[in-house]
Amino acid sequence: MVTVTRPYVAFRPPNSPLPVRFRGGELLGRGPGTEVYRAYDQELRREVAVKLFPADPDPIACRRVADEALALDRLNHRGLVSVLDGGLHRSRPYLVMQLVPGQSLSARLSAGPLPARPAVAMVALVADALAHVHSRALVHRDVKPSNILLDQYGLPYLSDFGIALLSGQARLTDVGEVLGTPAYLAPEQLVGGPLGPAVDIYALGLVLLESLSGRREYDGANKMQAALARLDRPPRVPEGLPGQLAELLRVMTHRVPGRRPTAVICTQALARASRLPSAAYQLPLPRQG
Ligand SMILES: Nc1ncnc2c1ncn2[C@@H]1O[C@H](COP(=O)(O)OP(=O)(O)OP(=O)(O)O)[C@@H](O)[C@H]1O
Ligand SMILES: [Mg+2]
């Protein structure tokens with residue numbers, strides 16, 4: 001007789017905010033208005049991450065945006081967190097995602113900067129994932145350290161693709177929302193210009209800078225000032241980087257979207273830079289003021 005053992009046995013907490021199909025429900029983290037839980041999905045028979053969104057008073061709109069997020073099925077890349085399912089529970093839209101066991105890049109960076117070569121190699125993988133997104137004529141629009149999840153080997157997964165859809169495009173059209181997450185917005189997102197793949201390249205340039213320096217390039221208590229600072233001055237590229245990498249960072253964060261390289265070019269240039277001998281980097285990089 002064959003005995004089938006379940007891979008994961010968990011009980012359902014009595015006050016679980018998740019639909020009944022999910023067992024367990026450890027809170028992994030929170031975003032603005034969102035919660036992400038680790039759970040066992042009895043339908044898909046695997047461990048997943050379930051992200052709950054704020055309740056929307058219009059249930060039909062919720063259903064539509066969840067369906068739109070599922071349409072992102074056509075994205076399939078090992079550097080993208082896959083969306084497995086979605087729905088509506090007690091008026092809250094939710095997404096079922098691939099679980100990435102590890103920590104977000106923002107959590108990792110709160111412990112200090114990454115060494116230069118692994119940082120460049122990690123961002124090269126994110127650029128490759130973005131190249132896939134852009135090749136499907138889609139734009140992520142919310143590239144930032146909390147949306148880059150690192151697995152137990154430090155490999156990155158870009159998450160929250162399509163979250164702009166679930167937020168009803170609010171990030172891009174509502175000024176209050178824009179100022180809620182201003183740190184990685186491209187200049188054209190602030191001034192209402194046309195948005196294309198170049199907004200992701202700009203954000204990725206800032207993510208690389210932050211990974212190297214350990215601090216946000218445009219930050220401060222006053223979100224409005226922090227947001228507008230990028231219109232006044234370009235990001236400060238750390239000294240001690242190989243010249244080609246420093247130049248790549250400058251063009252990735254160029255004020256003019258058309259001057260930024262494509263994700264494919266970034267992937268190639270970053271992969272090359274990650275293979276440079278350590279002597280090419282003045283390690284550790286000098287601290288910036
Ligand atoms: N698929 C996942 N696997 C494992 N952990 C995840 C997953 N998705 C999110 N998390 C964790 O949950 C945290 C909160 O994610 P969430 O997307 O709700 O907030 P955020 O990224 O800070 O903001 P935003 O809503 O703007 O994306 C993340 O920082 C991460 O630690
Ligand atoms: Mg997120």
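Given a 1.4 Å probe and every protein chain left where it sits, what share in percent of the accessible area of the stretch 103-280 is carbon and sulfur?
With neighbouring chains kept in place, the figure for the stretch 103-280 is 56 percent.
Long-range amide H contacts for ARG12: which residues qualify at under 5 Å (H placed 1.01 Å from N, peptide plane, sequence gap of 5 or more or a different chain)?
Answer set, sorted by chain and number: GLY24.
Sort the stretch 103-280 into rounded, prolate or oblate with this rule: let a ≥ b ≥ c be the square roots of the eigenvalues of the Cα gyration tensor; rounded if a/c is under 1.5, and if a/c is not under 1.5, prolate when a/b is larger than b/c, oblate otherwise.
rounded
Assign unit charges at the C-beta atoms only (+1 for Lys and Arg, -1 for Asp and Glu), then state the dipole size of the stretch 195-271 relative to its Cα centre in Debye, rounded to the nearest 20.
My answer is approximately 200 debye.
Ranked by accessible surface with a 1.4 Å probe, highest first, in what order do ILE265, ILE148 come?
ILE265, ILE148
Over all pairs of distinct alpha carbons, what does the Kirkwood formula give as the hydrodynamic radius of the stretch 186-289, in Å?
14.4
For the pair LEU27 and VAL256, how long in nm is the line joining their label points, each one 7 Å along Cα→Cβ?
4.8
Give, as a single signed number, the net charge of other residues whose beta carbon lies under 11 Å from the beta carbon of ALA273, with Lys and Arg counted +1 and Asp and Glu -1.
Cβ neighbours under 11 Å give a net charge of +2.
Pulled fully out, how much extra length does the chain show between ARG46 and LYS223, if you take 0.36 nm times their separation in residues and subtract their Cα-Cα distance?
59.7 nm is the gain from fully extending ARG46 to LYS223.
Would you please give the residues with an amide H less than 5 Å from that of SER104, counting only those at least 5 places away or on a separate chain, with H modeled from the backbone geometry?
Those qualifying (amide H under 5 Å, at least 5 residues apart or on another chain) are LEU150.
The values are calculated or read from the model by the stated rules, or taken from the named source; none is laboratory data. As the structure is a prediction and not an experimental result, all values here were calculated from the model. So basically every Cβ, Gly included, is an ideal-geometry build from the backbone, and we count neighbours across all protein chains shown. When the accessible area is computed, the model is the full protein with side chains, heavy atoms only, and any ligands, DNA or RNA have been set aside. Shrake-Rupley method; radii C 1.70, N 1.55, O 1.52, S 1.80 Å.
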